[in-house]
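So the structure is just underneath, and the comments pick up after that.
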Amino acid sequence: QLEVVESGGRSVQAGGSLRLSCEASGGTFWASAVAWFRQAPGKEREYVAVSWTDEDTIYGDSVRGRFWIHRDSGQKTVILRMDDLKLEDTAVYYCAAGRIFGIRAAEYDVWGQGTQVTVPS
């Protein structure tokens, strides 16, 4: 059974960059959509980036042009590269996998525990 584990979250200054990883175990991301969601304190979970392939991607309006989602060739790892980080990017970031290439959390049935990204003021 597919499981995912996120890593790479930490505190980083505004304007800096960070690379989050989502590792698959018990399977691969082949024929699966993989998405990054985030949830800030007091706010609803929102999608950040979605990948079906490296060519089929969706980005949230607030991160487009700053974040990039990429799969490794072995379909075991999905990377979220984040550049020009802003205070409002502070959140717990979750990796999720599912069979639908969509932006709604309900479309994903495999979730990781999350990794904290903090951009201090």
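Let me spell it out: the conditions are (1) touching a Ser or Thr at 6+ places or on another chain (Cβ under 6 Å); (2) more than 16 Å from Ile100 (Cα to Cα), and Leu85 meets all of them except one. Which number is the exception?
(1)
When the residues of segment 15-36 are narrowed to those that are open to solvent by 70 Å² or more (accessible area, probe 1.4 Å) and modelled with pLDDT of 95 or more, which ends up nearest to Thr53 (Cα to Cα)?
Filtering segment 15-36 for residues that are open to solvent by 70 Å² or more (accessible area, probe 1.4 Å) and modelled with pLDDT of 95 or more, the one nearest to Thr53 (Cα to Cα) comes out as Glu23.
Any chance you could count how many residues in segment 1-10 are of a type outside the set (A, V, I, L, M, F, W, C), on the phi < 0 side of the Ramachandran plot and open to solvent by less than 70 Å² (accessible area, probe 1.4 Å)?
3
Looking only at segment 38-54, filter to residues that are in contact with a Phe, Trp or Tyr (Cβ under 6 Å, 6 or more places away or on another chain) and closer than 15 Å to Ala105 by Cβ; which one of those is surrounded by the fewest Cβ atoms within 10 Å (Cβ to Cβ)?
Per the criteria, the residue is Arg45.
The values are calculated or read from the model by the stated rules, or taken from the named source; none is laboratory data. Note that the structure is a prediction, hence the values are computed from the model and not measured. Positions of Cβ are generated from backbone atoms using ideal geometry, with glycine treated the same way; all protein chains shown enter the neighbour counts. What goes into the accessible areas is simple: the full protein's heavy atoms, side chains included, and nothing from ligands, DNA or RNA. Shrake-Rupley method; radii C 1.70, N 1.55, O 1.52, S 1.80 Å.
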